[in-house]
Every structure is written in structure tokens, then in C-alpha cells.
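The values are calculated or read from the model by the stated rules, or taken from the named source; none is laboratory data. Owing to the predicted nature of the structure, the values given are computational and were not obtained by experimental measurement. Every residue, glycine as well, gets a Cβ built from its backbone with ideal geometry; the counts of neighbours run over all protein chains shown.
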Amino acid sequence: MRSRIVHHATRRRRARRRRVLWTGGEVLVTVGVVLMLLVVHQLWWTNREAREGARRKVEALERQWGQEGGGLGAAHDPATGAGDVTGDGSPGTGPSGSAAGRSGNSTRSQPSWSQAYAILNIPGLHLRVPVAEGVGKQSVLNKGYVGHYPGTEQPGQVGNFALAGHRNTHGEPFRYVNRLGPGDTVEVETRSALYTYAVDRTLRQTSARDSGVLRPVPRSTVHPSYGYTAPGRFITLTTCTPEYTSRYRLVVWGTLVSTRPR
């Protein structure tokens, strides 16, 4: 019986194939590990980090307001204008003949960009997070905060107090806002007052460019049957939908039902 002869060239080709397969397998395993670590970072670490930062900011605001004690009415509140004075030294309540006076909104300075100046509390979701000026990702939303849309009103004012928050990752404060409905309340605490809104409308999905939901009398321009038809004191919560995408927006609305001084 003849012995099978294996030439050196054949052995070299087989060795090269084994090396290629081994190297390819190592690359695939490495890529898989890197992707897994990225997913863990996005879905776990950013949430943990942002939630802890948001919790500390809420505690810092509460300490700051508590230390001011009985001076709440005299301290400047960027949301309500408490403590603002006009040029003649009188309280900055807004001249009665001005547009602000006619609308019931006081003349006030705007909060500093990315400054946390209020606390959003949604009892039904066990949510308590800071509200900061602006909706920038790095400066506000990725910190686990809720962002106030510049150009919309402040808490308690006539018009629309509109907020944005992440639904997934970076603290995901608005992860479950889709669960809100009639009977739920949304509270906004500032240095000088507690505002309570009652949820009464939800728009499950609309375009990310649906600017009508942010108007003083909020009403969808994409789905005109959703929204309001008369002026009032509104709150708007917006977030991305479906989950883990940013293609559309989910909108929850409420109207002011009570205001209580702190």
C-alpha cells in the first residue's frame, strides 16, 4: 500500500488557512466584546452615573432653598421672578399695561443656560429630577436632567411650560411617561412655589419637527385633533419614541390645577 505524500507547499497552505481562521475568530470575539461593553456602558453605566448626578443636584437645590428659609420671597427665583425688582425698586410684578401683565406673567430674568433651577416630581412614576434651562444633550439631558425649551413659559405662567427628557440611557427620566394618563399629576417645585398640573392629554407619536406642541396654546400641527384650543397654563413633556430610537416624539400634556407657596 502506498503512503500518502503531503508536499511542503500543501502543508504551508493549510497552516496559512488555520492562521487566517484563528485570526478571524479572534477579531470577531474582540469586536463582540467591544460591542457588549458599549451596550453595557449605554444601557447601564450612563443611567447609573446620570441618576446619581441628578439625585445630588436635587438634594443641592433642596439644601439651598432650605438654607434661605424665610427669605424665600426675597430670594431671586428664575422661574417665578420672586425677588426681582424694577428700576424704581418696586417688586418686578410686570406693569399692568404690558403684554406680560395682561397675560398674567411677570417680568423676570431668564435662568442661566444649563442652570438647574427647579425640580420635577411625578408621583405616579416615582420620578424626582432637576429641571435645567435648555435642551442640549451634553449640557443638560445627558446629565439625567429634564430640559426646559427656551422660548416657552416658566412654571405657573399663562402659556406652555415645555420640557424634554431622555427616554433611554443617561438616566432616562422619561422612560415611562407613556404610562401617564388622566388622574396623574405632575409637580414642579421652584424656590418659592409648588405647581401641580393634572395630566389630561397624550399624543402617542408625532414628528420630531411638530413645533405646534410647544406653542403657548399647544396643538399638534401634524395631528390637529390633539392639543388645546383656548389659552391656559399648560405643561408639556416630550421624549423620543419608539424606545431606543429618536425618529418620533411622544407628548404628554397637563393643565395647572394648583399653586402653593413654599
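Can you tell me which residues in the range 208-222 are under 24 Å from LEU141 (Cα atoms) and either touching a Lys or Arg at 6+ places or on another chain (Cβ under 7 Å) or part of a loop (DSSP other than H, G, I, E, B) (or both)? Scanning the range 208-222 gives ALA208, ARG209, ASP210, GLY212, ARG215, PRO216, PRO218, SER220.
Quick grid of which residues meet (1) part of a strand (DSSP E or B); (2) on the phi > 0 side of the Ramachandran plot:
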| residue | (1), (2) |
| --- | --- |
| GLN157 | no, no |
| PHE161 | yes, no |
| HIS170 | no, yes |
| THR206 | yes, no |
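Does at least one position in the range 151-162 carry a residue that is within 12 Å of the chain's Cα centre (by Cα) and over 14 Å from VAL257 (Cα atoms)? Yes. May I ask you to list the residues in the range 170-186 that are surrounded by fewer than 19 Cβ atoms within 10 Å (Cβ to Cβ) and of a type outside the set (Val, Ile, Thr)? The answer is ARG175, TYR176, ASN178, ARG179, GLY181, PRO182, GLY183, ASP184. Exactly one residue out of THR190, THR185, THR169 is within 18 Å of the chain's Cα centre (by Cα) and modelled with pLDDT under 95: that is THR169.
Consider the range 122-148. How many of its residues are in a loop (DSSP other than H, G, I, E, B) and surrounded by fewer than 18 Cβ atoms within 10 Å (Cβ to Cβ)? It would help to see each step written out before you state the result.
Of all residues in the range 122-148, those in a loop (DSSP other than H, G, I, E, B) come to 126, 134-140, 144-145.
Right, trim to surrounded by fewer than 18 Cβ atoms within 10 Å (Cβ to Cβ) and you get 126, 136-139.
Selection size over the range 122-148: 5.
Mind checking which residues of the range 187-211 are more than 21 Å from ILE122 (Cα to Cα) and surrounded by 17 or more Cβ atoms within 10 Å (Cβ to Cβ)? Result: THR206, ASP210. Considered as a group, the residues in the range 223-262 that are assigned to a loop (DSSP other than H, G, I, E, B) and of a type in the set (Lys, Arg) include one that is surrounded by the most Cβ atoms within 10 Å (Cβ to Cβ), and that residue is ARG262.
Every test in (1) touching a strand residue (DSSP E or B) at 6+ places or on another chain (Cβ under 6 Å); (2) within 17 Å of ALA164 (Cα to Cα); (3) in contact (Cβ under 8 Å) with a residue 40 or more places away in the chain is passed by SER258 save one, and that test is (2). Listed conditions (1) under 13 Å from VAL146 (Cβ atoms); (2) touching a Ser or Thr at 6+ places or on another chain (Cβ under 6 Å) are all met by LEU163, apart from (2).
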